Each structure stands twice: as C-alpha cells, then as structure tokens.
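The values are calculated or read from the model by the stated rules, or taken from the named source; none is laboratory data. Bear in mind that the values here come from a model prediction, so they are computed numbers and not experimental data. All Cβ positions, even for glycine, are placed from backbone atoms using ideal geometry, and neighbour counts span all protein chains on display.
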Amino acid sequence: MTNTARKRLLVPVDYSAGSRRALEFALGLAESLEADVHVLHVWELMPHPPSGMRVQTPDGRSQLLTELIQKNAEDDMNGFLAKVAFPASVRHTHAIESGEPTRRIVEAARAGDYTMIVIGTEGKGALAQFVVGSVAEKVLRHSAIPVLMVPRAKD
C-alpha cells in the first residue's frame with residue numbers, strides 16, 4: 001500500500017539571514033518533493049508578565065502588551081516573507097506562537113504531522129546561542145522527526 005499523504009515541512013524562523021536561508025532551502029526541497037511548507041515564528045514572553053499588562057501605543061491608545069507583541073510579530077513575519085520568492089507549486093502557510101521556542105517547535109512538529117523540520121543553524125543572538133546552545137541544536141535533540149539543519153552561508 002502506498003502512502004499518498006502529502007509531505008509537510010516545518011520551517012521555524014527568527015527573521016534572521018540564517019532562517020531565511022533555511023526557508024529558501026526548504027522551498028527548493030518542497031518543490032522537489034511536492035511538499036507543503038509551514039513557516040513558524042515563536043516569540044518568547046517575559047518570564048512572568050503581569051496578567052492584563054497594558055501599554056500605550058505611539059498613537060496614544062492603550063493596548064494589551066501581548067496584543068502589541070503579536071501585532072509586531074505579524075508585521076515582522078509579513079516583512080520577512082515578502083523578501084522570499086515562493087515557488088508557485090509550493091503550498092505554504094505561516095503562524096506565530098508565543099512560548100519557549102524549542103518546546104513550541106517540537107510540540108508543533110508533533111501535533112502537525114510534519115515530515116521534517118528544516119531549521120537554520122545560526123539565528124539572532126550569537127552570544128546567547130554560544131552560552132546556552134542554539135534553538136536548532138535543542139530541536140535536534142528533542143524532535144521525534146528528522147531535522148535538517150541548514151548552515152550559514154560561507155563568506
């Protein structure tokens with residue numbers, strides 16, 4: 001019996017050049033495999049944000065902090081995706097979630113029935129990655145599905 005289910009690639013991004021390179025690689029791979037691509041950005045909340053914390057926006061309105069962060073993340077995602085050439089044959093979606101990036105990526109991979117995670121090895125915050133280990137390395141250790149790590153471009 002043949003498995004006719006369409007392959008699905010999960011591509012976590014942090015809007016860095018490294019994650020853009022991983023997305024572009026995933027799109028080429030998806031085109032070859034006739035797979036779908038789902039782009040995921042995970043933003044971290046402050047350790048214990050006060051419930052209902054409000055901030056004033058530049059236009060003077062009051063808004064929940066989480067709503068403002070979500071809107072900024074959506075604007076960032078749209079700007080990031082606008083710089084990428086998506087092949088017409090590749091179906092793609094995107095989502096923005098909050099939480100600890102490694103945990104949310106691994107949970108999304110498990111819940112979304114993905115074939116593979118395609119992730120850049122170098123994102124934002126090189127010093128933090130050196131000290132605590134990169135998100136890509138943690139995803140590789142905790143994922144139950146294959147992880148393809150895309151290295152940074154050679155200079």
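Out of 44, 34, 74, which single residue is over 24 Å from residue 146 (Cα atoms) and at pLDDT 90 or above? That would be 74, the only listed residue that is over 24 Å from residue 146 (Cα atoms) and at pLDDT 90 or above.
Scanning region 53-102 for residues that are part of a loop (DSSP other than H, G, I, E, B), surrounded by 12 or more Cβ atoms within 10 Å (Cβ to Cβ) and charged (D, E, K, R) gives 91, 100. The numbered conditions (1) closer than 29 Å to residue 154 by Cα; (2) part of a helix (DSSP H, G or I); (3) at pLDDT below 95 are all true for residue 123 except (2). Per the conditions (1) under 15 Å from residue 105 (Cα atoms); (2) modelled with pLDDT under 95, the sole criterion not satisfied by residue 10 is (2).
Within region 42-63, the presence of at least one residue that is aliphatic (A, V, I, L, M), touching a Lys or Arg at 6+ places or on another chain (Cβ under 6 Å) and in contact (Cβ under 8 Å) with a residue 40 or more places away in the chain is confirmed.
Taking the conditions exactly as written (of a type in the set (D, E, K, R) and either at pLDDT below 90 or farther than 25 Å from residue 139 by Cβ (or both)), does residue 54 satisfy them or not? First the steps, then the outcome.
Values: of a type in the set (D, E, K, R): yes; either at pLDDT below 90 or farther than 25 Å from residue 139 by Cβ (or both): yes.
Against the criterion (of a type in the set (D, E, K, R) and either at pLDDT below 90 or farther than 25 Å from residue 139 by Cβ (or both)), residue 54 qualifies.
If the condition is being surrounded by 15 or more Cβ atoms within 10 Å (Cβ to Cβ) and β-branched (Val, Ile, Thr), then region 1-28 contributes 11, 13. If you go through region 29-41 and keep only what is loosely packed, with under 12 Cβ neighbours inside 10 Å and touching a residue at least 24 places away in the same chain (Cβ under 8 Å), you end up with just 34.
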